[in-house]
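Visitor: First the structure, which I've put down as structure tokens, then a few questions once you've had a look.
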Amino acid sequence: MAQREPSAPRCAALVGPYLSGKTTLLESLLFATGAVSRKGSMKEGNTVGDSAPEARARKMSVEVNAATTEYLGEKWAFLDCPGSIELTQEAQNALVVADVAVIVCEPEVTRALTLAPLFKFLDDRKIPHMLFINKMDTAAHRVRDVLAALQSVSARKLVLRQVPIRKTEKSGAETVAGFVDLISERAYNAPGNDSDLIQIPADTVEREQEARRELLEALADFDDHLLEQLLEDTVPPKDEIFQQLAKDVAGDLIVPVLLGAAERDHGVHRLLKALRHDVPGPAATAARLGLEPAAGDTAAVVFKTYHQAHTGKISLARVWGAPLQDGGTLGGQRYAAIYRMKGHELGKQSSAASGEVVGLGRMDAVTTGQLLTVSGKPAGNVAFPERLSPLFSLAINVENRADEVKLTAALHKLVEEDPSLSVEHNQDTHELVLWGQGEIHLQVAIDRLKLKYGLAIKSHRPTINYKETIRRGIKQHGRHKKQSGGHGQFGDVHVEIKPRSRGAGFEFVDQVVGGAVPRQYISSVEEGAREFLNRGPLGFPVVDVSVTLYDGQYHTVDSSDMAFKTAARIAMSEGMPKCDPVLLEPICAVQITIPNDFTARVHGLISGRRGQILGFTAKEGWQGWDEVNAYLPQSELHDLIIELRSLTMGVGTFSWRFDHLQELTGRLADKIVENRQAAAAH
């Protein structure tokens with residue numbers, strides 16, 4: 001192939017399921033390019049990609065980590081993205097700014113489904129991507145079977161760039177000894193430096209020819225000239241094949257598939273060369289994003305925020321346009337420094353060229369997802385991923401009440417770092433509720449509060465906002481009379497308490513005639529009735545009740561606002577228990593998204609949680625996926641996502657909203673009331 005001019009700095013995001021080996025691959029890429037002199041390992045907790053304490057404690061990535069390096073004179077930024085489905089937001093935000101996604105997966109047929117949402121995200125946004133099938137040294141399945149399983153969840157054609165060279169050990173076990181590149185038709189050794197050329201074994205030639213033909217036919221689908229050559233049995237020049245492959249990858253038309261074993265550095269050099277030759281530059285990514293900085297201007301998209309103990313806030317951004325200079329401003333804000341990133345290790349640099357990924361120091365008003373320019377002029381409208389809907393929650397509070405103000409500030413920083421976290425102050429239960437994507441997600445957040453901010457946190461399942469109402473009406477008299485020297489207290493009211501239709505709320509009606517209750521005390525009666533409804537006979541806020549004041553008495557000296565307010569409370573406290581009070585539980589409208597192979601299981605899941613199935617339809621734009629609509633009690637949503645993911649290999653998800661209140665009777669209602677009364681007694 002002809003020599004290439006060095007390209008502008010490029011960016012690759014390493015994505016894929018948990019335990020697929022992304023962080024190990026990053027370590028191998030950095031070692032192969034000389035960015036690190038010694039490879040770290042997950043076991044030793046010294047990798048670039050898992051530098052946070054909470055990541056090392058779990059031996060898993062918990063946030064995006066960026067590392068820059070050079071390969072054959074070209075600058076690269078690699079973004080190691082967490083694989084846990086609960087940390088999807090981190091990966092999505094990084095993918096938006098990347099030139100290519102390298103999907104790292106294991107050679108496991110049964111786990112192919114876990115990649116379906118990732119493929120869909122990339123295709124919807126036309127993000128170029130390639131597959132790196134990792135752990136080939138321990139593969140239990142043939143490549144063709146793995147490829148077929150992966151193809152079943154990809155809308156784009158998957159094409160092998162390599163075929164493995166296998167050998168049988170004395171023990172009878174089959175191992176991968178090397179790979180054959182299907183364009184150059186060169187074979188490379190696996191156990192050593194995988195740039196070492198070897199002879200293509202005779203028993204591999206037939207498989208190599210078949211796979212090469214499939215590659216060329218896939219490319220010919222998008223190029224008439226190549227198709228003509230194949231029809232005429234003409235062997236296309238290798239340069240033309242490389243060019244067509246790069247063009248199709250840039251257009252998100254095909255997905256090249258490479259093989260290797262990152263832990264043993266197998267296939268890493270071949271991956272680097274494929275990235276160098278096949279991946280478009282930052283100009284193509286800017287065009288995909290609709291990013292057009294004016295001539296001479298610089299634009300930067302912030303896709304990740306960190307808060308570090310010694311350097312403060314760091315905004316991880318990708319730069320386009322004119323070089324970004326140290327000591328300048330973006331969006332009207334001065335940045336303290338431009339940092340070269342290697343995990344949490346920072347190195348200052350004087351400028352950043354178009355395409356580079358850098359950290360910008362102490363831009364306190366900047367948030368993840370912002371597009372900033374030096375001039376302050378618009379440079380497009382980058383469609384950043386929407387914040388994921390909250391799925392799991394914990395009520396939290398500090399063990400030391402003196403830390404409450406500190407907790408508020410720390411939570412603000414956590415949400416800045418991870419927009420898929422959110423915080424809610426529940427007005428009904430008076431709880432501080434932390435929302436996220438799952439149990440692991442929230443435990444990581446709680447660990448950060450402890451490790452980064454020194455906050456000891458207590459957490460528990462949030463209290464459900466039960467309400468109560470009444471099923472029949474009565475008339476009730478309430479009198480407050482007290483004499484204690486000097487002016488006494490006197491208030492006398494007659495009220496009618498009636499149920500209202502569901503959702504109608506509270507109503508107060510004044511039907512007093514003849515001045516039985518003076519006008520100035522009417523509002524006090526209403527206030528007393530409202531206050532009582534904050535906690536009804538069952539112990540919960542009362543809704544959908546009408547209170548009508550129709551008679552009463554007053555004393556010219558002893559009557560007061562407080563007396564009539566107290567009289568109203570007495571009338572309500574004596575009358576409400578006679579109105580057949582009933583518990584109301586919140587019901588949510590839930591939409592569950594799953595592959596249709598699991599639809600029957602989800603029906604059972606809903607039924608087992610006292611849910612009502614409303615129906616299901618095919619999910620628009622998702623081949624082989626269903627949307628199941630149902631009503632579910634809010635109390636049954638707490639760990640729904642945990643069981644749903646367990647039933648669907650981690651890919652099932654749902655969205656929800658409060659819909660209505662529904663009467664709850666029987667043993668469950670009795671238990672809820674007993675628990676509330678027991679809690680109130682303490």
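The values are calculated or read from the model by the stated rules, or taken from the named source; none is laboratory data. Here the structure is a predicted model, which is why all the values come from computation and not from measurement. Reconstructed Cβ throughout: ideal geometry from the backbone, glycine too, with neighbour counts over all protein chains shown.
Visitor: If you go through the range 6-41, how many residues are assigned to a loop (DSSP other than H, G, I, E, B), under 24 Å from the mean Cα position of the chain (by Cα) and hydrophobic (A, V, I, L, M, F, W, C)? Even if it seems obvious, please write down each step before you answer.
Guide: Step one: list which residues in the range 6-41 are assigned to a loop (DSSP other than H, G, I, E, B), which gives 6-9, 16-21, 33-41.
Checking the rest, the ones that are also under 24 Å from the mean Cα position of the chain (by Cα) come to 16-21.
With hydrophobic (A, V, I, L, M, F, W, C) added as a condition, the list becomes 19.
Residues in the range 6-41 being assigned to a loop (DSSP other than H, G, I, E, B), under 24 Å from the mean Cα position of the chain (by Cα) and hydrophobic (A, V, I, L, M, F, W, C): 1 in total.
Visitor: On to the next question. Does the range 204-211 contain any residue that is in contact with a strand residue (DSSP E or B) (Cβ under 7 Å, 6 or more places away or on another chain), at pLDDT 95 or above and charged (D, E, K, R)?
Guide: For the range 204-211, residues in contact with a strand residue (DSSP E or B) (Cβ under 7 Å, 6 or more places away or on another chain), at pLDDT 95 or above and charged (D, E, K, R): absent.
Visitor: From Ile338, Ile396, grab the single residue that is of a type in the set (Val, Ile, Thr) and in contact with a helix residue (DSSP H, G or I) (Cβ under 8 Å, 6 or more places away or on another chain).
Guide: Ile396
Visitor: Here's something else I'd like to know. Which residues, counting only those in the range 623-650, are in contact with a Leu (Cβ under 6 Å, 6 or more places away or on another chain) and assigned to a loop (DSSP other than H, G, I, E, B)?
Guide: Met649
Visitor: From Glu627, Glu620, grab the single residue that is among the acidic types (Asp, Glu), farther than 21 Å from Glu439 by Cβ and without any contact (Cβ under 8 Å) to a residue 24 or more places away in the chain.
Guide: None of the other options fit; the residue is Glu620.
Visitor: Suppose we keep only residues that are under 19 Å from Gly505 (Cβ atoms) and not hydrophobic (A, V, I, L, M, F, W, C) within the range 538-574. Which one would you say is surrounded by the most Cβ atoms within 10 Å (Cβ to Cβ)?
Guide: Going through the qualifying residues, I end up with Asp544.
Visitor: Looking only at the range 551-567, decide whether some residue is under 50 Å from the mean Cα position of the chain (by Cα) and small (Gly, Ala, Ser). So that I can check it myself, show each step before the final result.
Guide: Keep residues of the range 551-567 that are under 50 Å from the mean Cα position of the chain (by Cα), which gives 565.
Narrowing further to those that are small (Gly, Ala, Ser): none.
Checked against the condition, which is being under 50 Å from the mean Cα position of the chain (by Cα) and small (Gly, Ala, Ser), the range 551-567 yields no hits at all.
Visitor: Then there's this: Give just the number: which of (1) more than 24 Å from Pro107 (Cα to Cα); (2) at pLDDT 90 or above does Pro256 not satisfy?
Guide: The number of the failed condition is (1).
Visitor: Find the residue count for the range 253-308, including only residues that are without any contact (Cβ under 8 Å) to a residue 60 or more places away in the chain, more than 30 Å from Gly332 (Cβ to Cβ) and in contact with a His (Cβ under 8 Å, 6 or more places away or on another chain).
Guide: Adding up the residues that qualify gives 0.
Visitor: Specify the residue that is farthest from Tyr18 (Cα to Cα); the eligible residues are those in the range 65-85 that are surrounded by fewer than 24 Cβ atoms within 10 Å (Cβ to Cβ) and of a type in the set (A, V, I, L, M).
Guide: Selected residue: Leu72.
Conditions (1) more than 18 Å from Arg645 (Cβ to Cβ); (2) in contact (Cβ under 8 Å) with a residue 60 or more places away in the chain; (3) touching a Lys or Arg at 6+ places or on another chain (Cβ under 6 Å); (4) of a type in the set (Gly, Ala, Ser), marked per residue:
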residue	(1), (2), (3), (4)
His425	yes, no, no, no
Leu432	yes, no, no, no
Gln437	no, yes, no, no
Ile440	no, yes, no, no
Gln443	no, no, no, no
Ile446	yes, no, no, no
Leu449	yes, no, no, no
Lys452	yes, yes, no, no
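Visitor: Which residue out of Glu44, Glu63, Glu70 is without any contact (Cβ under 8 Å) to a residue 40 or more places away in the chain, in the same structural domain as Arg270 (by TED's automatic domain parsing) and not in a strand (DSSP E or B)?
Guide: Working: Glu63 fails: without any contact (Cβ under 8 Å) to a residue 40 or more places away in the chain; Glu70 fails: not in a strand (DSSP E or B).
Residue meeting the stated conditions: Glu44.
Visitor: Which of the residues belonging to the range 195-224 are in a helix (DSSP H, G or I), of a type outside the set (Val, Ile, Thr) and in contact (Cβ under 8 Å) with a residue 12 or more places away in the chain? First the steps, then the outcome.
Guide: Narrowing the range 195-224 to residues in a helix (DSSP H, G or I): 202-220, 224.
Then drop every residue that is not of a type outside the set (Val, Ile, Thr), which leaves 202-203, 206-220, 224.
The answer is Arg207, Glu208, Ala211, Arg212, Glu214, Leu215, Leu216, Glu217, Ala218, Leu219.
Visitor: In the range 234-267, how many are within 18 Å of Ile133 (Cβ to Cβ), of a type in the set (D, E, K, R) and part of a helix (DSSP H, G or I)?
Guide: Residues meeting the conditions: 2.
Visitor: Do we have Ala402 as small (Gly, Ala, Ser), exposed (fewer than 14 other Cβ atoms within 10 Å of the Cβ) and without any contact (Cβ under 8 Å) to a residue 12 or more places away in the chain here?
Guide: Numbers: small (Gly, Ala, Ser): yes; exposed (fewer than 14 other Cβ atoms within 10 Å of the Cβ): yes; without any contact (Cβ under 8 Å) to a residue 12 or more places away in the chain: yes.
Yes, satisfied.
Visitor: Name the single residue, out of those in the range 42-56 being of a type in the set (A, V, I, L, M, F, W, C) and within 21 Å of the chain's Cα centre (by Cα), that is nearest to Pro82 (Cα to Cα). Full working, then the answer.
Guide: Of the range 42-56, the ones of a type in the set (A, V, I, L, M, F, W, C) are 42, 48, 52, 55.
With within 21 Å of the chain's Cα centre (by Cα) added as a condition, the list becomes 52, 55.
Working: Ala52: 12, Ala55: 10 Å.
Going through the qualifying residues, I end up with Ala55.
Visitor: Determine which single condition Ser420 fails, assuming it passes every other condition in (1) within 30 Å of Ala322 (Cβ to Cβ); (2) modelled with pLDDT of 95 or more.
Guide: Here Ser420 clears every test but (1).
Visitor: With the structure loaded, tell me whether Asn46 is buried (at least 22 other Cβ atoms within 10 Å of the Cβ) and farther than 30 Å from Phe242 by Cα or whether it fails that test.
Guide: On the way: buried (at least 22 other Cβ atoms within 10 Å of the Cβ): no; farther than 30 Å from Phe242 by Cα: yes.
Considered against the rule, which asks whether it is buried (at least 22 other Cβ atoms within 10 Å of the Cβ) and farther than 30 Å from Phe242 by Cα, Asn46 comes out as no.
Matching residues to (1) of a type in the set (A, V, I, L, M); (2) surrounded by fewer than 19 Cβ atoms within 10 Å (Cβ to Cβ):
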| position | (1), (2) |
| --- | --- |
| Asp196 | no, yes |
| Asp203 | no, yes |
| Glu210 | no, yes |
| Leu227 | yes, yes |
| Leu253 | yes, yes |
| Val257 | yes, no |
| His269 | no, no |
| Leu272 | yes, no |
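Visitor: Could I ask something else about it? Could you look through the range 493-536, keep only residues that are of a type in the set (S, T, N, Q) and touching a residue at least 40 places away in the same chain (Cβ under 8 Å), and pick out the one that is nearest to Thr429 (Cα to Cα)? Before the answer, list the steps.
Guide: Taking the range 493-536 and keeping what is of a type in the set (S, T, N, Q), we get 501, 511, 520, 523-524, 534.
Cutting the leftovers down to touching a residue at least 40 places away in the same chain (Cβ under 8 Å) gives us 501, 520, 524.
Details: Ser501: 24, Gln520: 33, Ser524: 26 Å.
The extreme case among them is Ser501.
Visitor: Next question, about the same structure. Taking the condition of being touching a Lys or Arg at 6+ places or on another chain (Cβ under 7 Å) and over 16 Å from Ser655 (Cβ atoms), how many residues in the range 592-641 meet it?
Guide: Adding up the residues that qualify gives 1.
Visitor: Now for a separate question. Any residue in the range 634-649 that is among the basic types (Lys, Arg) and either in contact with a Pro (Cβ under 8 Å, 6 or more places away or on another chain) or over 17 Å from Gly436 (Cα atoms) (or both)?
Guide: Start the filter on the range 634-649 by keeping residues that are among the basic types (Lys, Arg), which leaves 645.
After this cut, where a residue has to be either in contact with a Pro (Cβ under 8 Å, 6 or more places away or on another chain) or over 17 Å from Gly436 (Cα atoms) (or both) as well, the list is none.
So far as the range 634-649 goes, no, none of its residues is among the basic types (Lys, Arg) and either in contact with a Pro (Cβ under 8 Å, 6 or more places away or on another chain) or over 17 Å from Gly436 (Cα atoms) (or both).
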